[in-house]
Amino acid sequence: MNTSIVRSALFVPATRPERIAKAVASGADRVIVDLEDAVQENLKEQARDNLETFLRETPDARILVRVNAPEHPAHGADLELCRRHAGVIGILLPKAESAAQVATAAGTEKPVWPIIESARGLARLDEIANARAVERLSFGSLDLSLDLNLTTGSPGAEEMLGHARYAVLLATRIAGLAPALDGVFPSIQDTDGLLGAMQIARDMGFGGALCIHPTQVAIIHQALKPGLEELHWAQRIIEAARSGEGVFVLDGQMVDAPVIARAQSILARAT
C-alpha cells in the first residue's frame, strides 16, 4: 500500500499547456493533466502532442495523466505516451469497469487510479480494487449521476451517491489501497459548499478529493485538517504512549493500539 498523503489532485487540461506549470505551483498534492473530459474530440491529438512537449521540456515534472476511457479510440495512444515518460507517475483511468481494463493501463508500468463513475464500475468494484497496479480509487460522482439517471442535488440522488461512496471506501479498505479520493465539486465560486462537502467526505473516510480549479486546493486542505481540540487530544495520546505501555488510561478512557493509530492519523493530517 502506498501511504503517501494525497489530499488534493488538481486537473489541468492538456489543451492549455501553459497552465500545467501553474497547476504544479498551486500547492496541490498531485496534478492531473487531462486528456479526457476537458478536451474536445477534435483536439485529442493536439492535447497529446502538448503533453509530450511539456514532458520533454520539463524532465523534472511529476504528474498524473487522465487518459481517455478504455473504449475511446485515443486510449492506446494515451497509454503509450504515458509509458514512455518517467515524468508520468500515475494513470487516472476513467470509466473503469473491469480488471482487464486496469491491466491494460498497468502495462505502462505506472500506478493506476481507477475512477469509479458508472453502474458497471460499481458492480465490479471488488475486482477493480484488487487488480494489479491499483494504488487508490477515485470517485466520479458527476458521471455516475448521469449514468444512474439521478436528479442532481436532490435528497434521493445524495442518498444513492452516499451508498456508492460507501462501496468505494469499503473496497479501498478491503484491498488495502491508499485512501480514496472523492469526486470534483463543480461550483468553483461556492467555497462554502466545497468546504461543507469536503468535511462530509473527510468524516466518511476519504483521504481527499479531485478538483478542477487552483482556488479549491486550499479549501480542501483546510477542510481535511483536524480541529484544535482533536489535534490536542491526539498529541496527548501520542505523548502518553511514549511510556511504552500497550494499554493505558487517559482521562478515564482506555487507550490501546487502535486509539493510538487514530491519533497518529490525526497528526498526519495536520501537516
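Every read-out reported here was derived from the displayed coordinates using simple, explicitly stated rules and does not represent laboratory data. Everything numeric in this text was worked out from a predicted model, so none of it was measured. Neighbour counts run over all protein chains shown; Cβ positions are idealised from the backbone, glycine included.
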- Quick one: of the DSSP bridges fully inside the chain, what percent are antiparallel, nearest 5? 10
- Query: If the chain were replaced by its equivalent ellipsoid, with semi-axes equal to the square roots of 5 times the Cα gyration tensor eigenvalues, what would those be, largest first, whole Å?
  - Reply: 34, 21, 19
- Item | Longest exposed-site-free window of the chain, the sites being GluC sites (Glu not before Pro) in a DSSP loop that have at most 14 other C-beta atoms within 10 Å | 110-244
- Query: About its Cα centre, how strong a charge dipole does region 212-271 have in debye, to the nearest 20, once Lys and Arg get +1 and Asp and Glu get -1 at the Cβ?
  - Reply: 240
- Query: Within a Cβ distance under 10 Å of LEU150, other residues only, what is the Lys/Arg minus Asp/Glu net charge?
  - Reply: -3
- Item | Cα-Cα separations in region 108-214 greater than 22 Å, expressed as whole percent | 28
- Message: Within 10 Å, at most 15 other Cβ atoms, and a DSSP state outside H, G, I, E, B define an exposed site. Report the longest part of the chain free of exposed trypsin sites (Lys or Arg not before Pro).
- Response: 133-241
- Item | Contact order normalised by residue count of region 1-111, Cα under 8 Å, 6+ apart, percent | 21
- Task: Taking the Cα atoms of region 1-109, report the difference between the largest and smallest coordinate on each principal axis, in whole Å and largest first.
- Result: 38, 35, 22
- Please give the contour-minus-distance gain from MET160 to SER243: 0.36 nm per residue of separation, less the Cα-Cα distance, rounded to one decimal in nm. 25.3 nm
- Which of rounded, prolate, oblate describes region 86-159, given a ≥ b ≥ c as roots of the alpha-carbon gyration tensor eigenvalues and a/c under 1.5 marking rounded, otherwise prolate only if a/b is larger than b/c? prolate
- Task: Wrap a convex hull around the Cα atoms of region 169-231, take a quarter of its surface area, and give that in square nanometres.
- Result: 4.7
- Message: I want to check the label-to-label distance for ILE89 and THR215. Put each point 7 Å from Cα in the C-beta direction and report it in nm to one decimal.
- Response: 2.8
- The size of the Cβ-based charge dipole (Lys, Arg +1; Asp, Glu -1) of the chain about the Cα centre, to the nearest 20 debye, is 580
- Count charges around LEU210 for me, please; just the other residues with Cβ under 13 Å from its Cβ, Lys/Arg as +1, Asp/Glu as -1. -3
- Given H placed on each backbone N at 1.01 Å, which residues far from ILE116 in sequence or on other chains put an amide H within less than 5 Å of it? SER138, PHE139, GLY140
- Message: Pairs of alpha-carbon atoms within less than 8 angstrom and 6+ residues apart define the contacts here; what relative contact order does the chain have, in percent?
- Response: 15
- Message: Just want the answer: with Cβ charges of +1 for Lys and Arg and -1 for Asp and Glu, which residue in ALA157, ALA175, GLY193 is farthest toward the dipole's positive end in region 141-271?
- Response: ALA175
